[in-house]
Amino acid sequence: MLAQYLFYKSGDNMQIKFLKTFVMWVFGAFGYGLIEIIFRGYTHISMGILGGLCLISMSLLNTLLGDTFPLIFKMIIFSFLITILEFLTGLIVNIWLNLCVWDYSFIPANLFGQVCLPFSVCWFFLSPVGLILVNFIKFRIFKETQAYNSIFVRKAKLIESNETF
């Protein structure tokens, strides 16, 4: 079902849907890496892979939840989503492969040193930025007509109706 959603959305051929997913992954990879470089001073390739997966997942969930789902609840869901993906990445990269990319064991409310409550709260506040990025990619780059909880949708609706804003 996930592959069908990612690659076979009605009205899109497989190549276009793959390109959209790839562009989403690239933006997520660079965005997550940039956040790490700004706050930690360095990053790791696994964080880029994780960032791409996070943005693709946010895009998928945002589309499934639709425009009627309140933004605050989406932020909570996205925070949990990113935390879960980071936890799974930590189990693979830090525990299984023993690469020691990060260790949150010194931060309160951590789970096996892979994720912690303070960073989950950070993801909550950063998730609207990810949502704006998702909608920018879909609405501005790929000219989709449906984007959810985005400033781009309001602006486009006003332009279509010839109103001023």
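For Ile159, the conditions (1) crowded, with 18+ Cβ neighbours inside 10 Å; (2) at pLDDT below 50 are fulfilled apart from (1). Pairs linking a residue in region 5-21 that is within 18 Å of Leu55 (Cβ to Cβ) to a residue that is at pLDDT below 80 and surrounded by 11 or more Cβ atoms within 10 Å (Cβ to Cβ), with Cβ atoms under 7 Å and 6 or more positions apart or on different chains, are Lys17/Leu6; Lys17/Phe7; Lys17/Tyr8; Lys17/Lys9; Phe18/Phe7; Thr21/Leu6.
Please verify whether region 68-84 includes one or more residues that are among the polar types (S, T, N, Q), under 17 Å from the mean Cα position of the chain (by Cα) and buried (at least 17 other Cβ atoms within 10 Å of the Cβ). Can you show your working first?
Going residue by residue through region 68-84, those that are among the polar types (S, T, N, Q) are 68, 79, 83.
From what's left, under 17 Å from the mean Cα position of the chain (by Cα): 79, 83.
Checking which are buried (at least 17 other Cβ atoms within 10 Å of the Cβ) leaves us with 79, 83.
Yes - at least one qualifying residue is present in region 68-84.
Here is the figure for region 53-67: residues that are surrounded by 19 or more Cβ atoms within 10 Å (Cβ to Cβ) and charged (D, E, K, R) total 0.
Residues in region 56-81 that are more than 20 Å from Phe22 (Cβ to Cβ) and in contact with a Gly (Cβ under 8 Å, 6 or more places away or on another chain): Phe78 alone. Can you tell me which condition Asn135 does not meet? The list is (1) modelled with pLDDT under 95; (2) surrounded by fewer than 17 Cβ atoms within 10 Å (Cβ to Cβ); (3) within 14 Å of the chain's Cα centre (by Cα); (4) of a type outside the set (Ser, Thr, Tyr), and all the others hold. Exception for Asn135: condition (2). Condition check: modelled with pLDDT of 95 or more and either basic (Lys, Arg) or farther than 25 Å from Phe18 by Cα (or both). Does Leu53 satisfy that? So Leu53 fails the test.
The values are calculated or read from the model by the stated rules, or taken from the named source; none is laboratory data. All figures in this text were calculated on a predicted structure; none of them were measured in a lab. So basically every Cβ, Gly included, is an ideal-geometry build from the backbone, and we count neighbours across all protein chains shown.
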